[in-house]
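*Asks:* Before anything else, here's the structure in question.
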4 protein chains.
Amino acid sequence: MDSMNPHVRVGVIGTGVIGKEHIRRLTHVTAGAEVVAVADVDPARARDAVAGLTGARVHADGLEVVRDDQVDAVVVASWGPTHEEYVLAGIDAGKPVFCEKPLAATQEACVRIIDAELAAGRRLVQVGFMRRYDAAYRALKDVLASGSIGLPLMMHCAHRNPSVSSHYTPDMALTDTAVHEFDVTRWLLDEEIVAINVLTPRPNRRGGELQDPLLILLETENGVLVDVETSVNIGYGYDIRHEVVGEDGTAELGAGSPVVLRRDGGATGPIPADWEERFSGAYEVEMQEWVHSVAAGASSGPTSWDGYAAAVLSDAGMESLRTGAKVAVKLRPKPDLYATRTP
Amino acid sequence: MDSMNPHVRVGVIGTGVIGKEHIRRLTHVTAGAEVVAVADVDPARARDAVAGLTGARVHADGLEVVRDDQVDAVVVASWGPTHEEYVLAGIDAGKPVFCEKPLAATQEACVRIIDAELAAGRRLVQVGFMRRYDAAYRALKDVLASGSIGLPLMMHCAHRNPSVSSHYTPDMALTDTAVHEFDVTRWLLDEEIVAINVLTPRPNRRGGELQDPLLILLETENGVLVDVETSVNIGYGYDIRHEVVGEDGTAELGAGSPVVLRRDGGATGPIPADWEERFSGAYEVEMQEWVHSVAAGASSGPTSWDGYAAAVLSDAGMESLRTGAKVAVKLRPKPDLYATRTP
Amino acid sequence: MDSMNPHVRVGVIGTGVIGKEHIRRLTHVTAGAEVVAVADVDPARARDAVAGLTGARVHADGLEVVRDDQVDAVVVASWGPTHEEYVLAGIDAGKPVFCEKPLAATQEACVRIIDAELAAGRRLVQVGFMRRYDAAYRALKDVLASGSIGLPLMMHCAHRNPSVSSHYTPDMALTDTAVHEFDVTRWLLDEEIVAINVLTPRPNRRGGELQDPLLILLETENGVLVDVETSVNIGYGYDIRHEVVGEDGTAELGAGSPVVLRRDGGATGPIPADWEERFSGAYEVEMQEWVHSVAAGASSGPTSWDGYAAAVLSDAGMESLRTGAKVAVKLRPKPDLYATRTP
Amino acid sequence: MDSMNPHVRVGVIGTGVIGKEHIRRLTHVTAGAEVVAVADVDPARARDAVAGLTGARVHADGLEVVRDDQVDAVVVASWGPTHEEYVLAGIDAGKPVFCEKPLAATQEACVRIIDAELAAGRRLVQVGFMRRYDAAYRALKDVLASGSIGLPLMMHCAHRNPSVSSHYTPDMALTDTAVHEFDVTRWLLDEEIVAINVLTPRPNRRGGELQDPLLILLETENGVLVDVETSVNIGYGYDIRHEVVGEDGTAELGAGSPVVLRRDGGATGPIPADWEERFSGAYEVEMQEWVHSVAAGASSGPTSWDGYAAAVLSDAGMESLRTGAKVAVKLRPKPDLYATRTP
Ligand SMILES: [Mg+2]
Ligand SMILES: [Mg+2]
Ligand SMILES: [Mg+2]
Ligand SMILES: [Mg+2]
């Protein structure tokens, strides 16, 4: 790979909905990348995912993808419990790995990945927290960095889905939904969360038996208090709101509506229908920046440490949801390897 | 007072800043009213307040104002601890009383007022919770009544002041600031608050020693969870925000900016400088509706019960602020006299 | 009438929809005023309008209202062609007159009123251009006065009605609809309009045979170019938009929605249903300020000159609509009596 | 080039600011493309533009780029007067050409390009009207297509630049600035413009001698009336506004601010500083879609016909600016080759 127009040859493990989207992006949207190998637990699905992709090999197993000499870097988009094995194999092979969240199925597995990176002496893993690549969140972070609202004191967040599928469990409000707010809180404030408390308001009839919505309270090292509403059956759209309250002012995500429609007695700005509509741009930037970082031989983006912190926070949140009490969040000491964070 | 163009003769007790504003409104803004008598602890200030007001008498004492034969109804705008005596005197005289908040200095005093109204067999007291008269809050209540967002599940509120004077004490965040959110919560949802928890985020340097901001959590009878940010040193303006989260959607107060200015790299909607700018219209409607209700011989607006509930909530909030724990809110059984609420 | 709490006794001529609204406002909303006499071409309607209003006399003729010794000031809300006679009688009697627009049926009649005021040596007439009393328009004027956007160069306006009645004629787009923009243009910029050009876009099917919408171009003495869209069958609501383009920025009327509703895929700010909803506050301020000015013995608000200019502009606009050409607007020299304008 | 992961080898003519940006995008942002050859009037600048780009050849002349066997498609980003020669050479070579605006220096040159395409029997040329690729404009077009506001009757547009360089001539308000509104008008409405009238308001002191702003009126075949403000010295930012007025409602471009900042008395949504910030996304989509269309062997985007129409409109606008009169716009009959337009 030369300096200005290198070409990254990517192997993709897992060719379900998410994996196929990554293949599509790498092929048709991302510059400087090419999908050269894939594997899936269902071989037919793997073959299907690369039909027409000249020169892409289908392997019987994800480990073969990692070890393929023609593969420069690996995307892990398989079932969560398999992540650890593929990520560790990537580290072992010295190949950059982009791993969809969760980094691994348990805190302990995340620690094993961290230890492997420590042993390797460098960061090879990027975790798929795509909000850090969203233009609006980045503008929010820029405002904080500019100091124009002073030190952050509180954040008010809402994470709303129109509906969720029938397999959505109570824990998923933490592990799948609020986990994004856990990560952006840590990233925006550049500090760790030290306590979590999950409160249960009057439930939405639309959610059936599900405890929905939730109000999740987070406290950070510096005492910033963050409230996160998760509403996953609110019907009207996919709506992500976030306001940072500082000493001198506040900054919040804009409405972002491309058009305003005046009809039927109101001026209406459309709200995204789902997360794909809301964050498709972020997914594209995420992949492009990962490919550029791989080509440059540099690490970038959310790290294994961020994946580990998300796992610990999810576990603490689930405990709080079960017990009704505030739960302290305890992370192991942070290795120097993860001292600087980009972006 | 005849049916269509009656004239209400009002006595005003207390001619400080607030009392003088009421005199100005009653004279120059409110239709169908006239200030005919005043009293103040400082007689010179009382005389001054009605200089040029033909026919207005200055009494040595608030009780004389209440008993003045020419006074149809009384506005109490004196120092809080004196409210109880004047309100009870008004009830005793069978005269409608508009009492600025707080209704009285203690829960127990509020109960005595309630008992006096019960003995009198009718509602004579209106408490000055002016937000119920604000056009935007009324629109919010209309949305809830329409059912268009389903049942309310949560509310997110912020009450922000640019700064407060040096005599602002920690308790005042509850008794003076959040007390408005206590009242609008009860009014919007038409149910009682059963628990309060006051959380203390990282303090704002601009507030010096003051614990500011706060995040106050309220739970209602039906499980609606309300979070209230109070920030009383945020510098940028007087900003009141309120979003109701329902089963099918949300409703929030609009920006309300009369103009949008495009200058210096941004499109800016001005934010009110203070509560007078934000709520001057509400104060006018409040007074006009009170005068109309007095002229019609009907009671209207926030009642003694609402004043009592605010006192109980303030006390519970102060306890929570001191102890750091959630505090249950216990109200005495609600008398039938207060069963219906208007507006 | 004494200095601080004077009472203005008002006679109202014309008790149709508009006149009745004025009676209601003067009685129930405006401080310091009382309706003491009325007349209408339909005596039964006049009697009806003051039923229950203690002490209000019903006269057989508008001139009797003007001459009634108990009448301090007159509101003219009768049919347009009758305005001249009543306004002239008011000036003759030395009584302040509030005259609904139009000031008179023709330019010539407006000139006769001006001449009568000149002969009387003082301004007695206020014309009902209520937009000057709207909070948002006043904020726009304040921005201009502040200099924060530099000198005004252009204005973009839209005046939209959901629908109009079947008696709406093509000329009414100028005389009834755009006449408000004529007046606010002159008031905001504090200069005269020197040319008008009426353009006819593709017509709206909803207006049937009516030429609707229009795009009206105005040029002022200083070369400010103003475009005014009139759309009187646009269905969705009553929407008034106005942006001033200055050298350094722009200022426009805000959305003004009291609430924002998130439902059904969009964030919606409601738009007023009609002009009463949009401008009811302006009508109240207008009447209150008129009453205060009458009580103070001062003149205020839009003058006979403003009524005259509106008539000339309407005539020129109708000529442009007929001929398709730009028409120069010629006003007689402006008498010193009208040199200062308030508010 | 195979069907799913073809690679387009691009030659770039002109390596000034715009050309270098295209090279950067093609290399680092666009999937499926590679810059393999360049030329510039300044050979050193050409060499510099591809320093580090493995395998990119530097030719002495743009025509050599077109004829290079390794070049699949050509980007023309050289000085306007040279466009015709390179575009015609591309057509002659049967190679797709992406040509920055203007398509050519004169109407007549545009006609020669059209004739060449007609002779070739297929569309090979795409002109760089990037607004058609902007997400907000596309949403506006979707609204029109949906019929939700009825037939379009008017459009109100503003095109504002904070400032322009000293070489900006009066004609450039038409050829460089308003030309974008000419194109989006034709694209949004899918019909031709038949008349143009350029009006000159009071000039902005910030523009010195320049006649700025302008108000440009366009009339379409169906009578849609479009007003376009061009303000190129307005200081506050780069602001593009566009509202379509339909029979049943309106649709306008949203504010698009990623964040809202509450500070210093206002709620501010940032406005882009320049066209690059506003339209960088559109440039990326434009290039990606062109590359995809080239790879698919299909033509797409703004055509030579669109480039020709822009030239005719610019000429007519300049005539109107000079004469002060409305000018009719006459296009030659539209060849069938350009009957369908994408996107
Ligand atoms: Mg690629
Ligand atoms: Mg009064
Ligand atoms: Mg009155
Ligand atoms: Mg490329």
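The values are calculated or read from the model by the stated rules, or taken from the named source; none is laboratory data. Predicted model only: the values in this text are computed from it and were never measured. Counting neighbours? That spans all protein chains shown, and the Cβs are built from the backbone with ideal geometry, glycine included.
*Asks:* Could you list, in sequence order, the residues of segment B:125-137 that are facing chain C (nearest Cβ under 9 Å) and farther than 30 Å from A:Leu153 by Cα?
*Replies:* Passing the criteria: only B:Ala135.
*Asks:* Would you check if C:Ser304 is surrounded by fewer than 21 Cβ atoms within 10 Å (Cβ to Cβ) and either assigned by TED's automatic domain parsing to the domain that holds C:Val194 or farther than 30 Å from B:Gly265 by Cβ (or both)?
*Replies:* no
*Asks:* Within segment D:164-175, identify whether any single residue is surrounded by fewer than 22 Cβ atoms within 10 Å (Cβ to Cβ) and under 26 Å from D:Pro335 (Cα atoms), and answer yes or no.
*Replies:* yes
*Asks:* OK, next. Checking B:Glu319 against (1) surrounded by 22 or more Cβ atoms within 10 Å (Cβ to Cβ); (2) free of Cβ contacts under 8 Å to residues at least 40 places away in the same chain; (3) more than 14 Å from chain A (Cβ to nearest Cβ), only one condition comes out false. Which one?
*Replies:* Condition not satisfied by B:Glu319: (1).
*Asks:* Answer with yes or no whether D:Glu286 is closer than 22 Å to D:Leu144 by Cα, crowded, with 20+ Cβ neighbours inside 10 Å and within 16 Å of ligand 4 (Cβ to nearest atom).
*Replies:* Here the answer is yes, as D:Glu286 does meet what is asked.
*Asks:* Which count do you get for residues in segment B:12-31 that are away from ligand 2 (no atom under 14 Å from the Cβ) and assigned to a strand (DSSP E or B)?
*Replies:* Residues that pass the stated criteria total 1.
*Asks:* Tell me whether segment B:71-84 contains one or more residues that are buried (at least 17 other Cβ atoms within 10 Å of the Cβ), away from ligand 4 (no atom under 16 Å from the Cβ), at pLDDT 95 or above and within 14 Å of another protein chain (Cβ to nearest Cβ).
*Replies:* Scanning segment B:71-84 turns up no residue that is buried (at least 17 other Cβ atoms within 10 Å of the Cβ), away from ligand 4 (no atom under 16 Å from the Cβ), at pLDDT 95 or above and within 14 Å of another protein chain (Cβ to nearest Cβ).
*Asks:* Condition first: of a type in the set (A, V, I, L, M), touching an Asp or Glu at 6+ places or on another chain (Cβ under 8 Å) and buried (at least 21 other Cβ atoms within 10 Å of the Cβ). Now tell me which residues in segment D:262-283 satisfy that.
*Replies:* Once the filter is applied, which keeps residues that are of a type in the set (A, V, I, L, M), touching an Asp or Glu at 6+ places or on another chain (Cβ under 8 Å) and buried (at least 21 other Cβ atoms within 10 Å of the Cβ), segment D:262-283 yields only D:Ile271.
*Asks:* Moving to a separate point now. What about A:Ser166, is it of a type in the set (Ser, Thr, Tyr), within 14 Å of chain B (Cβ to nearest Cβ) and free of Cβ contacts under 8 Å to residues at least 40 places away in the same chain?
*Replies:* Judged against the criteria, A:Ser166 is not a match.
*Asks:* Checking the conditions here, which among D:Arg24, D:Arg47 is within 21 Å of the chain's Cα centre (by Cα) and either within 16 Å of ligand 1 (Cβ to nearest atom) or at pLDDT 95 or above (or both)?
*Replies:* D:Arg24
*Asks:* Looking at D:Arg202, D:Arg160, can you tell me which residue is within 12 Å of chain C (Cβ to nearest Cβ) and surrounded by fewer than 20 Cβ atoms within 10 Å (Cβ to Cβ)?
*Replies:* D:Arg202
*Asks:* Let me ask you something else. Select from segment A:6-17 the residues that are within 13 Å of chain D (Cβ to nearest Cβ) and either at pLDDT 95 or above or over 22 Å from A:Gly94 (Cα atoms) (or both) and write down the one among them that is surrounded by the fewest Cβ atoms within 10 Å (Cβ to Cβ).
*Replies:* Of everything passing the filter in segment A:6-17, A:Arg9 is surrounded by the fewest Cβ atoms within 10 Å (Cβ to Cβ).
*Asks:* Could you please find all residues in segment D:240-268 being charged (D, E, K, R) and more than 8 Å from chain C (Cβ to nearest Cβ)?
*Replies:* If the condition is that a residue be charged (D, E, K, R) and more than 8 Å from chain C (Cβ to nearest Cβ), then D:Arg241, D:Glu243, D:Glu252, D:Arg262, D:Arg263, D:Asp264 are the ones that fit.
*Asks:* Which one is farthest from ligand 4 (Cβ to nearest atom), of the residues in segment A:32-58 that are more than 12 Å from every other protein chain (Cβ to nearest Cβ), surrounded by fewer than 23 Cβ atoms within 10 Å (Cβ to Cβ) and part of a strand (DSSP E or B)?
*Replies:* Applying the filter and picking the extreme gives A:Val58.
*Asks:* Okay, next question. How do the pairs read when you match residues in segment C:271-297 that are within 14 Å of chain A (Cβ to nearest Cβ) with residues anywhere that are of a type in the set (Phe, Trp, Tyr), using Cβ under 6 Å and keeping only pairs 6 or more apart or on different chains?
*Replies:* Qualifying pairs under 6 Å: C:Pro272/C:Tyr238; C:Asp274/C:Tyr238; C:Arg278/C:Tyr238.
*Asks:* Listed residues C:Glu229, C:Glu319, C:Glu284, C:Glu243; which is of a type outside the set (Val, Ile, Thr) and under 15 Å from C:Asp134 (Cα atoms)?
*Replies:* On inspection, the qualifying residue turns out to be C:Glu284.
*Asks:* Among the residues of segment A:138-156, what is the count of those that are more than 10 Å from every other protein chain (Cβ to nearest Cβ) and of a type in the set (A, V, I, L, M, F, W, C)?
*Replies:* 2
*Asks:* Any residue at all in segment C:298-316 that is out of contact with any helix residue (DSSP H, G or I) (no Cβ under 9 Å at 6 or more places or on another chain), free of Cβ contacts under 8 Å to residues at least 12 places away in the same chain and more than 16 Å from ligand 3 (Cβ to nearest atom)?
*Replies:* No, the conditions are met nowhere in segment C:298-316.
*Asks:* Cβ-Cβ distance below 9 Å, separation of 6 or more or different chains: which pairs start in segment B:18-31 with a residue that is farther than 17 Å from C:Gln288 by Cα and more than 10 Å from every other protein chain (Cβ to nearest Cβ) and end on one that is part of a helix (DSSP H, G or I) and of a type in the set (Asp, Glu)?
*Replies:* Once the first residue is farther than 17 Å from C:Gln288 by Cα and more than 10 Å from every other protein chain (Cβ to nearest Cβ) and sits in segment B:18-31, its partners that are part of a helix (DSSP H, G or I) and of a type in the set (Asp, Glu) give B:Lys20/B:Asp48; B:Glu21/B:Glu276.
*Asks:* Now a separate question. Given the criterion touching a residue at least 12 places away in the same chain (Cβ under 8 Å) and at the interface with chain D (Cβ under 7 Å from one of its Cβ atoms), identify the matching residue among C:Asn222, C:Asn233.
*Replies:* Sole residue among the options that is touching a residue at least 12 places away in the same chain (Cβ under 8 Å) and at the interface with chain D (Cβ under 7 Å from one of its Cβ atoms): C:Asn222.
*Asks:* Then there is this: Kindly provide the set of residues from segment C:197-229 that are among the β-branched types (Val, Ile, Thr) and over 15 Å from D:Glu219 (Cα atoms), ordered by number.
*Replies:* Result: C:Thr220, C:Val224, C:Val226, C:Val228.
*Asks:* Report yes if A:Asp190 is under 19 Å from B:Pro201 (Cα atoms), out of contact with any strand residue (DSSP E or B) (no Cβ under 8 Å at 6 or more places or on another chain) and touching a residue at least 60 places away in the same chain (Cβ under 8 Å), otherwise no.
*Replies:* Taking the combined requirement at face value, the residue satisfies it.
*Asks:* Another question about this same structure. Criterion first (away from ligand 4 (no atom under 16 Å from the Cβ), assigned to a helix (DSSP H, G or I) and over 30 Å from D:Ala51 (Cβ atoms)) does A:Leu63 satisfy it?
*Replies:* yes
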